[in-house]
Amino acid sequence: MTEPLKIAGFEIFKAQLNVKEQAAMVADLRAVVRTAPMRHPVTRSGKQMSVKMTSAGRLGWISDRRGYRYEAQHPDGMDWPAIPESLLRLWQNITNLERQPDCCLINFYGEGARMGLHQDNDEGDFSFPVLSVSLGDEGLFRMGGTERGGKTQSVWLSSGDVVVMGGAARLAYHGVDRIRFGSSSLLPDGGRINITLRVVSEAV
Ligand code: SIN
Ligand code: MN
């Protein structure tokens, strides 16, 4: 495995997945979405997020008027589908951990979608990394430190790139300022998919 690029504690594995692997992963995700449809979540204030989301795994990440949390069921009442093998294999290859992720959060960025700077801090155990996979259009990923308002650096993430947020970067602020809609031909209708694998542990 090639050495990752390290920026502010974030480990960036460029082109970790080849085009065939990316296409196979998209097919796996389409199967997840058929069982657990994507939704535009709202925040506590009632504002609709620009990304659409769904999850796979024992737990899924939810946002609604009651706030952010993990839930064992999709808002429509069904269990989340299993995390696809392709993603569990990638988790194993990159992290070498025996512990499997509890949640595979799938975010879809259509034209104009973005995600503000935030920390991933709804989990019960921060000793495990969060692993992120980018598929489809390029996204401008912004990385900061653990304090809100600190210095940030940005990198364009392309289809097949993998980012590990662990150690000092586990609770670092991050977000996506914008995507280059139509920059990739992986998804016929354009857009960017980001998948994050998370160990949630005893939070629920
Ligand atoms: C996230 O922070 O959940 C998504 C990050 C990304 O889209 O690259
Ligand atoms: Mn995040």
Point to revise | Cα-projected label distance for GLN153 with ARG89, points at 7 Å along beta-carbon direction, nm | key: 3.2
Revision key, fill the gap. Share of accessible surface on carbon and sulfur in the chain, whole %, 1.4 Å probe and ligands ignored, is 49
Review point. Tell me which aspartates and glutamates have Cα within less than 16 Å of LYS47's Cα, excluding those fewer than 8 residues away on the same chain?
Key: ASP64
Practice item. Would you compute, from DSSP H runs of 4+ residues alone, the mean residue ellipticity of the chain at 222 nm, taking -39500 (n - 2.57) per run and dividing by the full residue count, rounded to the nearest 500? Key: -4500 deg cm²/dmol
Exercise for review: Quickly work out the ASN121-to-GLU71 label distance, labels modelled 7 Å from Cα along the C-beta direction, and quote it in nm with one decimal.
Suggested key: 2.4
Point to revise | the chain, relative contact order [Cα under 8 Å, separation at least 6], % | key: 26
**Study point:** Computed log₁₀ I(q)/I(0) - Debye formula, equal Cα scatterers, no solvent, the chain, q 0.08, 0.16 Å⁻¹
**Key:** -0.23, -1.08
Point to revise | Dipole of region 17-123, positive direction: furthest Cα of ASN18, ASN93, SER50, with charges on the beta-carbon | key: SER50
Study note, to complete from the structure: The size of the Cβ-based charge dipole (Lys, Arg +1; Asp, Glu -1) of region 5-198 about the Cα centre, to the nearest 20 debye, is 460
Point to revise | At 0.890 mPa s and 25 °C, Stokes diffusion of region 56-153 via Kirkwood alpha-carbon radius, µm² per second | key: 157
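The values are calculated or read from the model by the stated rules, or taken from the named source; none is laboratory data. None of the values given here were measured: they were computed from a predicted structure. Positions of Cβ are generated from backbone atoms using ideal geometry, with glycine treated the same way; all protein chains shown enter the neighbour counts. Just the protein is used for accessible areas: all its heavy atoms, side chains included, with ligands, DNA and RNA removed. Shrake-Rupley method; radii C 1.70, N 1.55, O 1.52, S 1.80 Å.
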